[in-house]
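> Structure provided below as C-alpha coordinates; questions to follow.
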Amino acid sequence: MSDTSLWTKHRYLVLVGYIMNPMAELHASSHRSAHDVLRRHLVVGDLESVLDLVAQHFPGMPGDRTRRTNVEGARLYLRWAREQQHSVLNADERVARAYHDHLIAKHGDATTSIANRLSHVRTLYRALFQLGAITINPFEALRQANPDRIDRREIFEDDELQRLLQHATLEERALVLVGAHAGLATREVLSLTWTHVHLDRGWIDLGRVIPLTDDAAHALGNLAKRRGHGSLLPSDERVFDLADDTDLRRRLYRLCRGARVPYRPWRALRNTAAQKLLMATRNPRRTAKRLGLRGTPRASVRKLRET
(Lines give C-alpha, C1' and ligand atoms only; values in the text may rest on other atoms or scores of the structure.)
Protein backbone atom coordinates (compact mmCIF):
# COMPACT_ATOMS: atom_id res chain seq x y z
CA MET A 1 0.00 0.00 0.00
CA SER A 2 1.42 3.38 -1.03
CA ASP A 3 2.11 6.27 1.32
CA THR A 4 -0.74 8.12 -0.38
CA SER A 5 -3.18 5.27 0.29
CA LEU A 6 -2.07 5.02 3.91
CA TRP A 7 -2.50 8.74 4.35
CA THR A 8 -5.96 8.65 2.78
CA LYS A 9 -7.01 5.77 5.04
CA HIS A 10 -5.61 7.58 8.08
CA ARG A 11 -7.56 10.73 7.26
CA TYR A 12 -10.73 8.66 6.77
CA LEU A 13 -10.34 6.98 10.16
CA VAL A 14 -9.67 10.30 11.87
CA LEU A 15 -12.75 11.79 10.22
CA VAL A 16 -14.93 8.86 11.29
CA GLY A 17 -13.60 9.11 14.83
CA TYR A 18 -14.20 12.85 14.81
CA ILE A 19 -17.85 12.33 13.87
CA MET A 20 -18.57 9.30 16.06
CA ASN A 21 -16.75 10.40 19.21
CA PRO A 22 -17.31 13.98 20.45
CA MET A 23 -14.17 13.76 22.61
CA ALA A 24 -12.07 13.41 19.47
CA GLU A 25 -13.16 16.90 18.54
CA LEU A 26 -11.13 18.33 21.40
CA HIS A 27 -7.96 16.84 19.91
CA ALA A 28 -8.68 17.17 16.19
CA SER A 29 -7.14 20.60 15.90
CA SER A 30 -4.42 22.06 18.07
CA HIS A 31 -5.66 25.60 17.56
CA ARG A 32 -9.26 24.87 18.56
CA SER A 33 -9.84 25.22 22.30
CA ALA A 34 -12.33 23.35 24.44
CA HIS A 35 -14.02 26.69 25.02
CA ASP A 36 -14.67 27.12 21.30
CA VAL A 37 -15.95 23.56 20.85
CA LEU A 38 -18.29 23.75 23.81
CA ARG A 39 -19.45 27.23 22.93
CA ARG A 40 -20.42 26.07 19.44
CA HIS A 41 -22.52 23.25 20.86
CA LEU A 42 -24.16 25.60 23.36
CA VAL A 43 -24.95 28.22 20.72
CA VAL A 44 -26.83 25.69 18.58
CA GLY A 45 -28.48 24.15 21.63
CA ASP A 46 -26.78 20.77 21.29
CA LEU A 47 -26.77 20.05 25.01
CA GLU A 48 -26.26 16.31 24.62
CA SER A 49 -22.94 16.86 22.84
CA VAL A 50 -21.90 19.14 25.68
CA LEU A 51 -22.80 16.41 28.16
CA ASP A 52 -20.89 13.81 26.14
CA LEU A 53 -17.80 15.99 26.34
CA VAL A 54 -17.93 16.78 30.03
CA ALA A 55 -19.37 13.54 31.43
CA GLN A 56 -16.07 11.70 31.07
CA HIS A 57 -14.73 14.00 33.77
CA PHE A 58 -17.64 13.28 36.14
CA PRO A 59 -17.22 10.92 39.11
CA GLY A 60 -18.34 7.32 38.75
CA MET A 61 -18.22 4.97 35.79
CA PRO A 62 -20.27 5.18 32.58
CA GLY A 63 -23.74 3.84 33.26
CA ASP A 64 -23.56 3.75 37.05
CA ARG A 65 -25.88 5.71 39.27
CA THR A 66 -23.34 8.36 40.30
CA ARG A 67 -22.55 9.21 36.69
CA ARG A 68 -26.22 9.19 35.65
CA THR A 69 -27.39 11.48 38.45
CA ASN A 70 -24.61 13.98 37.77
CA VAL A 71 -25.41 13.96 34.06
CA GLU A 72 -29.11 14.49 34.75
CA GLY A 73 -28.38 17.33 37.19
CA ALA A 74 -26.08 18.98 34.64
CA ARG A 75 -28.73 18.54 31.94
CA LEU A 76 -31.35 20.29 34.06
CA TYR A 77 -29.01 23.22 34.64
CA LEU A 78 -28.06 23.50 30.96
CA ARG A 79 -31.73 23.53 29.96
CA TRP A 80 -32.48 26.20 32.55
CA ALA A 81 -29.54 28.34 31.38
CA ARG A 82 -30.72 28.04 27.78
CA GLU A 83 -34.31 28.98 28.68
CA GLN A 84 -33.13 31.95 30.76
CA GLN A 85 -30.55 32.96 28.14
CA HIS A 86 -27.64 32.76 30.57
CA SER A 87 -24.13 32.05 29.35
CA VAL A 88 -22.82 28.74 30.69
CA LEU A 89 -19.15 29.39 29.99
CA ASN A 90 -19.24 32.98 31.22
CA ALA A 91 -21.52 32.40 34.21
CA ASP A 92 -20.81 34.41 37.36
CA GLU A 93 -22.15 34.43 40.91
CA ARG A 94 -25.29 36.23 39.77
CA VAL A 95 -26.17 33.29 37.53
CA ALA A 96 -25.38 30.90 40.38
CA ARG A 97 -27.69 32.79 42.73
CA ALA A 98 -30.42 32.90 40.09
CA TYR A 99 -30.25 29.12 39.70
CA HIS A 100 -30.29 28.75 43.47
CA ASP A 101 -33.46 30.87 43.57
CA HIS A 102 -34.95 28.69 40.84
CA LEU A 103 -34.23 25.54 42.84
CA ILE A 104 -35.76 26.98 46.00
CA ALA A 105 -38.87 28.05 44.10
CA LYS A 106 -39.12 24.58 42.54
CA HIS A 107 -38.29 22.37 45.52
CA GLY A 108 -39.37 24.54 48.44
CA ASP A 109 -38.38 22.90 51.71
CA ALA A 110 -36.76 19.85 50.09
CA THR A 111 -33.29 21.03 51.05
CA THR A 112 -31.64 17.73 50.16
CA SER A 113 -32.87 18.00 46.57
CA ILE A 114 -31.58 21.56 46.34
CA ALA A 115 -28.19 20.60 47.77
CA ASN A 116 -27.90 17.66 45.35
CA ARG A 117 -28.73 19.80 42.31
CA LEU A 118 -26.14 22.39 43.34
CA SER A 119 -23.59 19.61 43.77
CA HIS A 120 -24.30 18.37 40.25
CA VAL A 121 -23.72 21.84 38.81
CA ARG A 122 -20.46 22.22 40.73
CA THR A 123 -19.39 18.90 39.22
CA LEU A 124 -20.26 20.22 35.76
CA TYR A 125 -18.13 23.32 36.26
CA ARG A 126 -15.22 21.31 37.65
CA ALA A 127 -15.31 19.27 34.44
CA LEU A 128 -15.39 22.45 32.36
CA PHE A 129 -12.39 23.69 34.34
CA GLN A 130 -10.49 20.45 33.68
CA LEU A 131 -11.20 20.85 29.98
CA GLY A 132 -9.79 24.37 30.08
CA ALA A 133 -13.13 25.90 29.10
CA ILE A 134 -13.43 28.11 32.21
CA THR A 135 -11.12 29.59 34.82
CA ILE A 136 -13.46 29.85 37.84
CA ASN A 137 -16.36 27.82 39.21
CA PRO A 138 -19.19 30.29 39.92
CA PHE A 139 -21.03 27.73 42.05
CA GLU A 140 -18.25 27.18 44.58
CA ALA A 141 -19.28 30.38 46.38
CA LEU A 142 -22.70 28.87 47.06
CA ARG A 143 -21.18 26.32 49.43
CA GLN A 144 -21.73 28.71 52.31
CA ALA A 145 -25.36 29.10 51.21
CA ASN A 146 -26.09 25.38 51.19
CA PRO A 147 -29.82 25.01 51.98
CA ASP A 148 -28.99 22.39 54.61
CA ARG A 149 -27.32 25.18 56.60
CA ILE A 150 -30.30 27.49 56.55
CA ASP A 151 -31.49 28.44 60.02
CA ARG A 152 -34.19 25.87 60.70
CA ARG A 153 -35.98 27.56 63.59
CA GLU A 154 -39.69 27.34 62.85
CA ILE A 155 -40.67 30.92 63.71
CA PHE A 156 -39.68 34.46 62.77
CA GLU A 157 -38.38 36.50 65.69
CA ASP A 158 -39.92 39.94 66.31
CA ASP A 159 -36.91 41.84 64.95
CA GLU A 160 -36.87 39.67 61.83
CA LEU A 161 -40.57 40.25 61.29
CA GLN A 162 -40.04 43.99 61.56
CA ARG A 163 -37.29 43.87 58.95
CA LEU A 164 -39.56 41.95 56.61
CA LEU A 165 -42.33 44.52 57.05
CA GLN A 166 -39.98 47.45 56.54
CA HIS A 167 -38.69 45.98 53.30
CA ALA A 168 -42.07 44.75 52.02
CA THR A 169 -44.25 46.27 49.32
CA LEU A 170 -47.87 47.11 50.13
CA GLU A 171 -49.04 43.67 49.03
CA GLU A 172 -46.14 41.87 50.70
CA ARG A 173 -46.85 43.63 53.98
CA ALA A 174 -50.42 42.33 53.97
CA LEU A 175 -49.13 38.90 52.95
CA VAL A 176 -46.66 38.69 55.83
CA LEU A 177 -49.26 39.80 58.37
CA VAL A 178 -51.99 37.33 57.35
CA GLY A 179 -49.35 34.70 58.00
CA ALA A 180 -47.60 36.02 61.11
CA HIS A 181 -50.69 37.54 62.80
CA ALA A 182 -53.73 35.72 61.38
CA GLY A 183 -52.01 32.37 60.90
CA LEU A 184 -53.44 31.54 57.47
CA ALA A 185 -52.23 28.34 55.82
CA THR A 186 -50.77 28.28 52.32
CA ARG A 187 -53.97 27.04 50.69
CA GLU A 188 -55.97 29.75 52.51
CA VAL A 189 -53.66 32.50 51.32
CA LEU A 190 -53.91 31.32 47.72
CA SER A 191 -57.72 31.12 47.76
CA LEU A 192 -58.39 34.25 49.84
CA THR A 193 -60.72 36.72 48.11
CA TRP A 194 -61.99 40.11 49.21
CA THR A 195 -65.40 38.58 50.00
CA HIS A 196 -63.66 36.73 52.86
CA VAL A 197 -62.29 39.96 54.33
CA HIS A 198 -64.53 41.97 56.67
CA LEU A 199 -62.54 45.04 57.64
CA ASP A 200 -65.57 46.73 59.20
CA ARG A 201 -65.83 43.82 61.64
CA GLY A 202 -62.12 43.19 61.96
CA TRP A 203 -61.96 39.60 60.83
CA ILE A 204 -61.54 37.14 57.97
CA ASP A 205 -64.25 34.54 57.45
CA LEU A 206 -63.01 31.26 55.97
CA GLY A 207 -65.66 29.03 57.49
CA ARG A 208 -64.12 29.98 60.80
CA VAL A 209 -63.77 33.52 62.08
CA ILE A 210 -60.16 34.72 62.17
CA PRO A 211 -59.72 37.99 64.10
CA LEU A 212 -57.37 40.52 62.54
CA THR A 213 -54.83 42.52 64.49
CA ASP A 214 -54.86 46.27 63.92
CA ASP A 215 -51.69 46.00 61.84
CA ALA A 216 -53.10 43.22 59.66
CA ALA A 217 -56.42 45.04 59.16
CA HIS A 218 -54.59 48.27 58.31
CA ALA A 219 -52.36 46.49 55.78
CA LEU A 220 -55.34 44.80 54.10
CA GLY A 221 -57.24 48.10 54.09
CA ASN A 222 -54.38 49.89 52.34
CA LEU A 223 -54.14 47.08 49.80
CA ALA A 224 -57.90 47.26 49.19
CA LYS A 225 -57.67 51.00 48.51
CA ARG A 226 -54.78 50.42 46.12
CA ARG A 227 -56.93 47.88 44.26
CA GLY A 228 -59.88 50.29 44.13
CA HIS A 229 -62.23 48.40 46.46
CA GLY A 230 -64.70 50.11 48.76
CA SER A 231 -65.05 49.53 52.48
CA LEU A 232 -67.49 46.64 51.98
CA LEU A 233 -65.03 44.77 49.74
CA PRO A 234 -67.67 42.97 47.64
CA SER A 235 -65.26 41.71 45.00
CA ASP A 236 -64.51 38.01 44.55
CA GLU A 237 -61.08 38.97 43.24
CA ARG A 238 -58.21 37.19 44.96
CA VAL A 239 -56.43 39.29 47.56
CA PHE A 240 -52.92 38.22 46.61
CA ASP A 241 -51.50 38.00 43.12
CA LEU A 242 -50.02 34.53 43.53
CA ALA A 243 -50.29 31.75 40.98
CA ASP A 244 -49.59 28.81 43.28
CA ASP A 245 -47.59 27.65 46.30
CA THR A 246 -44.37 27.82 44.29
CA ASP A 247 -45.04 31.48 43.58
CA LEU A 248 -45.69 32.06 47.29
CA ARG A 249 -42.38 30.44 48.25
CA ARG A 250 -40.56 32.53 45.66
CA ARG A 251 -42.07 35.77 46.94
CA LEU A 252 -41.22 34.97 50.54
CA TYR A 253 -37.68 33.90 49.66
CA ARG A 254 -36.99 37.11 47.76
CA LEU A 255 -38.45 39.20 50.55
CA CYS A 256 -36.29 37.43 53.13
CA ARG A 257 -33.18 37.90 51.05
CA GLY A 258 -33.91 41.56 50.43
CA ALA A 259 -34.55 42.18 54.13
CA ARG A 260 -31.45 40.17 55.12
CA VAL A 261 -33.52 37.71 57.13
CA PRO A 262 -32.76 33.97 57.04
CA TYR A 263 -35.25 32.28 54.75
CA ARG A 264 -37.88 30.08 56.35
CA PRO A 265 -40.93 28.52 54.69
CA TRP A 266 -44.45 29.91 54.96
CA ARG A 267 -45.27 27.65 57.89
CA ALA A 268 -42.75 29.64 59.96
CA LEU A 269 -45.02 32.70 59.65
CA ARG A 270 -47.99 30.56 60.61
CA ASN A 271 -46.06 29.15 63.55
CA THR A 272 -45.22 32.70 64.63
CA ALA A 273 -48.94 33.44 64.85
CA ALA A 274 -49.52 30.18 66.72
CA GLN A 275 -46.82 30.94 69.26
CA LYS A 276 -48.16 34.42 69.98
CA LEU A 277 -51.70 33.10 70.36
CA LEU A 278 -50.58 30.24 72.58
CA MET A 279 -48.64 32.61 74.83
CA ALA A 280 -51.67 34.90 75.08
CA THR A 281 -54.27 32.20 75.76
CA ARG A 282 -52.24 29.40 77.36
CA ASN A 283 -54.79 27.18 75.64
CA PRO A 284 -53.46 24.71 73.01
CA ARG A 285 -56.96 23.61 71.96
CA ARG A 286 -58.10 27.17 71.37
CA THR A 287 -54.93 27.89 69.42
CA ALA A 288 -55.42 24.82 67.24
CA LYS A 289 -59.06 25.74 66.60
CA ARG A 290 -58.15 29.30 65.63
CA LEU A 291 -55.68 27.91 63.10
CA GLY A 292 -58.23 25.51 61.66
CA LEU A 293 -56.57 22.38 63.04
CA ARG A 294 -58.41 19.40 64.43
CA GLY A 295 -57.48 16.67 66.87
CA THR A 296 -55.50 16.64 70.09
CA PRO A 297 -53.10 19.51 70.83
CA ARG A 298 -50.11 17.26 70.17
CA ALA A 299 -51.52 16.07 66.84
CA SER A 300 -52.36 19.67 65.99
CA VAL A 301 -48.75 20.71 66.55
CA ARG A 302 -47.58 18.00 64.17
CA LYS A 303 -50.17 19.11 61.62
CA LEU A 304 -49.10 22.74 61.97
CA ARG A 305 -45.55 21.82 60.99
CA GLU A 306 -46.86 20.37 57.74
CA THR A 307 -48.94 23.35 56.61
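The values are calculated or read from the model by the stated rules, or taken from the named source; none is laboratory data. These numbers were taken from a predicted model, which means no experiment stands behind them. Cβ: placed from backbone, ideal geometry, glycine included. Neighbour counts: every protein chain shown.
> Looking only at region 253-296, which residues are hydrophobic (A, V, I, L, M, F, W, C) and free of Cβ contacts under 8 Å to residues at least 40 places away in the same chain? Don't jump to the end; show me each part of the working.
Of region 253-296, the ones hydrophobic (A, V, I, L, M, F, W, C) are 255-256, 259, 261, 266, 268-269, 273-274, 277-280, 288, 291, 293.
Within region 253-296, Leu278, Met279, Ala280, Ala288, Leu293 meet the criteria.
> Where in region 229-307 are there helices (runs of 4 or more DSSP H), lying wholly inside it, with at least 3 residues that are at pLDDT 80 or above?
On the way: elements: 245-259, 266-281, 284-290, 297-304.
Filter on region 229-307 gives 245-259, 266-281, 284-290.
> Give all pairs with beta carbons closer than 6 Å in which a residue from region 156-179 that is farther than 18 Å from Leu277 by Cα and in a helix (DSSP H, G or I) meets a residue that is among the small types (Gly, Ala, Ser) and at pLDDT 95 or above; count only pairs at least 6 apart in sequence or on separate chains.
Pairs that qualify, where the first residue is farther than 18 Å from Leu277 by Cα and in a helix (DSSP H, G or I) and the partner is among the small types (Gly, Ala, Ser) and at pLDDT 95 or above, are Arg173/Ala219; Ala174/Ala219.
> Another one. Considering (1) free of Cβ contacts under 8 Å to residues at least 40 places away in the same chain; (2) surrounded by fewer than 17 Cβ atoms within 10 Å (Cβ to Cβ), say which one Asn222 fails and leave the rest.
The one condition Asn222 does not meet is (1).
> Going by the conditions given, is Ser5 among the polar types (S, T, N, Q), modelled with pLDDT under 50, surrounded by fewer than 17 Cβ atoms within 10 Å (Cβ to Cβ) and in a loop (DSSP other than H, G, I, E, B)?
Numbers: among the polar types (S, T, N, Q): yes; modelled with pLDDT under 50: yes; surrounded by fewer than 17 Cβ atoms within 10 Å (Cβ to Cβ): yes; in a loop (DSSP other than H, G, I, E, B): no.
Taking the combined requirement at face value, the residue does not satisfy it.
> Scan region 94-138 for residues that are polar (S, T, N, Q), surrounded by 14 or more Cβ atoms within 10 Å (Cβ to Cβ) and either assigned to a helix (DSSP H, G or I) or modelled with pLDDT of 90 or more (or both) and jot them down.
Initial filter on region 94-138 (polar (S, T, N, Q)): 111-113, 116, 119, 123, 130, 135, 137.
Narrowing the set further to residues that are surrounded by 14 or more Cβ atoms within 10 Å (Cβ to Cβ) leaves 111, 113, 116, 119, 123, 137.
Of everything in region 94-138, those that are polar (S, T, N, Q), surrounded by 14 or more Cβ atoms within 10 Å (Cβ to Cβ) and either assigned to a helix (DSSP H, G or I) or modelled with pLDDT of 90 or more (or both) turn out to be Thr111, Ser113, Asn116, Ser119, Thr123.
> Go through (1) part of a helix (DSSP H, G or I); (2) crowded, with 21+ Cβ neighbours inside 10 Å for Ala91 and report which single condition fails.
Among (1) part of a helix (DSSP H, G or I); (2) crowded, with 21+ Cβ neighbours inside 10 Å, the lone unmet condition for Ala91 is (1).
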